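For reference, the structure is listed below as structure tokens.
The values are calculated or read from the model by the stated rules, or taken from the named source; none is laboratory data. Small disclaimer: the values here were computed from a predicted structure and weren't measured. Counting neighbours? That spans all protein chains shown, and the Cβs are built from the backbone with ideal geometry, glycine included.
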Ligand code: AFP
């Protein structure tokens with residue numbers, strides 16, 4: 001009999017409050033999966049005329065997903081504050097003494113909904129250190145995370161979770177509504193011949209990234225001595241899940257397209273939770289030279305370069321950035 005999410009959390013020795021939060025976020029994922037499955041019938045593919053704090057066009061479904069996740073966190077009673085990609089300032093709940101803060105991207109990759117692509121929800125759980133109401137409370141390094149999770153809305157709805165004891169994959173059993181453990185203690189191979197990057201930005205990359213990708217593209221005739229494959233889903237959850245499933249590296253490097261921006265992806269609710277899930281599976285995650293999880297956040301919505309996946313490739317990339 002496969003283990004259900006609540007049984008895993010109990011067996012992992014998670015405190016009851018953390019288990020309750022994970023179960024509530026799982027319920028949010030189920031509600032979001034049901035919402036986006038309506039597609040154009042419920043306007044899921046329509047853009048709004050508003051933009052989020054990133055200056056990116058919001059979709060109605062972004063806001064609805066934010067509200068569904070927020071409602072579950074209120075219900076859990078264990079969340080003091082929520083930082084969301086979809087709203088400028090953190091939302092402080094009427095639970096100042098609650099043990100957790102949550103940073104989230106309620107619907108990552110949502111621009112892919114217009115083409116019925118795979119999207120996800122990303123959650124990062126931090127301790128509430130008592131500074132309730134102070135937005136700086138969220139500015140904790142990724143190493144402080146108590147849990148990280150993503151929901152992946154694909155042919156199957158998956159929940160991928162770490163509570164610091166490895167990375168686990170759960171699959172939603174549609175008939176029972178339970179998330180059932182289908183892959184335990186994921187391990188990412190240290191070597192790979194597959195990389196993921198948006199190659200249209202090539203002319204903007206730093207020399208270290210130019211060198212790494214060029215060597216991959218030279219294949220068996222080049223210094224790597226083997227051919228490489230490339231993927232790019234433009235949906236971080238899908239790209240990261242491929243790496244957890246079959247290895248590889250995901251690269252969203254610093255580029256000079258918009259020099260004021262360090263990269264595209266956000267530290268607190270994309271880079272940090274994904275880096276915890278990947279490192280708990282034996283992979284690496286850096287911003288170029290430093291481990292992502294060691295970075296001290298300076299702003300709630302700050303962006304960072306993210307290079308994550310196969311450990312030996314990430315260390316090669318770190319070395320190239322040091323040499324540059
Ligand atoms: P959207 O949420 O706007 O679709 O962006 C998705 C994302 O944040 C991340 O999931 C992708 O890896 C990355 O952006 C894709 O960026 P490019 O569109 O520049 O390739």
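Of all residues in the stretch 140-152, at least one satisfies being assigned by TED's automatic domain parsing to the domain that holds residue 18, surrounded by 23 or more Cβ atoms within 10 Å (Cβ to Cβ) and assigned to a helix (DSSP H, G or I).
Say we look at the stretch 228-242 and pick out the residues that are in a loop (DSSP other than H, G, I, E, B) and surrounded by fewer than 17 Cβ atoms within 10 Å (Cβ to Cβ); which of these is nearest to the ligand (Cβ to nearest atom)? Residue satisfying both the conditions and the ranking: 234. Checking the stated criteria, residue 122 turns out not to satisfy the condition of being closer than 29 Å to residue 36 by Cα, loosely packed, with under 15 Cβ neighbours inside 10 Å and within 16 Å of the ligand (Cβ to nearest atom). Here is the figure for the stretch 25-51: residues that are assigned to a loop (DSSP other than H, G, I, E, B) and on the phi < 0 side of the Ramachandran plot total 5. Number of residues in the stretch 36-60 that are loosely packed, with under 12 Cβ neighbours inside 10 Å and within 13 Å of the ligand (Cβ to nearest atom): the value is 2.
Among the residues that make up the stretch 96-111, is at least one of them surrounded by 20 or more Cβ atoms within 10 Å (Cβ to Cβ), within 10 Å of the ligand (Cβ to nearest atom) and in a loop (DSSP other than H, G, I, E, B)? Checking the stretch 96-111: at least one residue is surrounded by 20 or more Cβ atoms within 10 Å (Cβ to Cβ), within 10 Å of the ligand (Cβ to nearest atom) and in a loop (DSSP other than H, G, I, E, B). For the stretch 125-139, a residue qualifies if it is more than 18 Å from residue 162 (Cα to Cα) and either within 16 Å of the ligand (Cβ to nearest atom) or touching a residue at least 24 places away in the same chain (Cβ under 8 Å) (or both), and the qualifying residues are 128, 132, 133, 135, 137, 138, 139. When the stretch 170-182 is filtered for residues that are in contact with a helix residue (DSSP H, G or I) (Cβ under 8 Å, 6 or more places away or on another chain) and either under 20 Å from residue 284 (Cβ atoms) or part of a loop (DSSP other than H, G, I, E, B) (or both), only 177 remains. Taking the stretch 255-272, which residues are within 13 Å of the ligand (Cβ to nearest atom) and touching a helix residue (DSSP H, G or I) at 6+ places or on another chain (Cβ under 8 Å)? Result: 255, 257, 265, 267, 270, 271.
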